[in-house]
Structure formats: C-alpha cells, structure tokens
1. Can you tell me which of (1) surrounded by 10 or more Cβ atoms within 10 Å (Cβ to Cβ); (2) not in a helix (DSSP H, G or I) is the one Glu81 doesn't meet?
2. Could you list all residues from the stretch 29-47 that are under 15 Å from the mean Cα position of the chain (by Cα) and not aromatic (Phe, Trp, Tyr)?
3. Can we say Arg25 is at pLDDT below 75 and basic (Lys, Arg)?
Amino acid sequence: MGRHFGDLAKIRHVITYSLSPFEQRAFPSYFSKGIPNVWRRFTSSVFKVAPPMICMYLTYTWGNHVHSEGKRKVAADYENEE
C-alpha cells in the first residue's frame with residue numbers, strides 16, 4: 001500500500017539521536033544549578049528592563065490623572081447661572 005509515514009523520504013548523511021522518556025531525568029540539577037542561574041540572569045537584566053518600565057508606568061498614571069482632571073466641570077463657570 002505504498003510507503004509508511006515515517007519512510008516517506010530517505011535523507012542521507014543525517015544522523016538523529018533520541019532518548020527514551022524512561023531514561024530521561026525530569027529535573028537534573030534543578031536546585032543546584034537552575035535556581036542560581038535564574039537569579040543571576042534576573043539580576044543582570046533587571047537594571048536594563050525596570051527603569052523604562054517604571055518611567056512608562058509613571059507617565060501612564062500621570063496621563064490618566066491629567067485626563068480625569070480635564071474631564072471635570074469647573075464650578076466657577078456655572079456660578080451665575082440660574
């Protein structure tokens with residue numbers, strides 16, 4: 001009935017390796033190397049990322065405050081109306 005799905009093409013000079021899921025370790029050296037690596041990468045990039053984010057947050061909150069103040073009615077404009 002033709003070729004099976006895994007044998008559709010022959011590729012020469014390509015070596016593929018696979019490891020059985022039963023032989024893999026799910027979290028190799030997670031606590032000894034993983035967490036310190038995350039901390040090192042976080043501290044190296046926080047000073048590049050945090051200042052622009054803080055600046056944009058302050059600009060956004062300032063803009064919302066100014067917008068809400070601009071939408072208010074001024075009571076002095078309506079004092080002489082009856």
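1. With respect to (1) surrounded by 10 or more Cβ atoms within 10 Å (Cβ to Cβ); (2) not in a helix (DSSP H, G or I), Glu81 is out only on (1).
2. Here is the first cut: in the stretch 29-47, the ones under 15 Å from the mean Cα position of the chain (by Cα) are 38, 41-42, 45-46.
Val38, Arg41, Ser45, Val46 - these are the residues of the stretch 29-47 that are under 15 Å from the mean Cα position of the chain (by Cα) and not aromatic (Phe, Trp, Tyr).
3. In short, no.
The values are calculated or read from the model by the stated rules, or taken from the named source; none is laboratory data. The shown structure was predicted, so the numbers you read here are calculated from the model rather than taken from an experiment. Cβ: placed from backbone, ideal geometry, glycine included. Neighbour counts: every protein chain shown.
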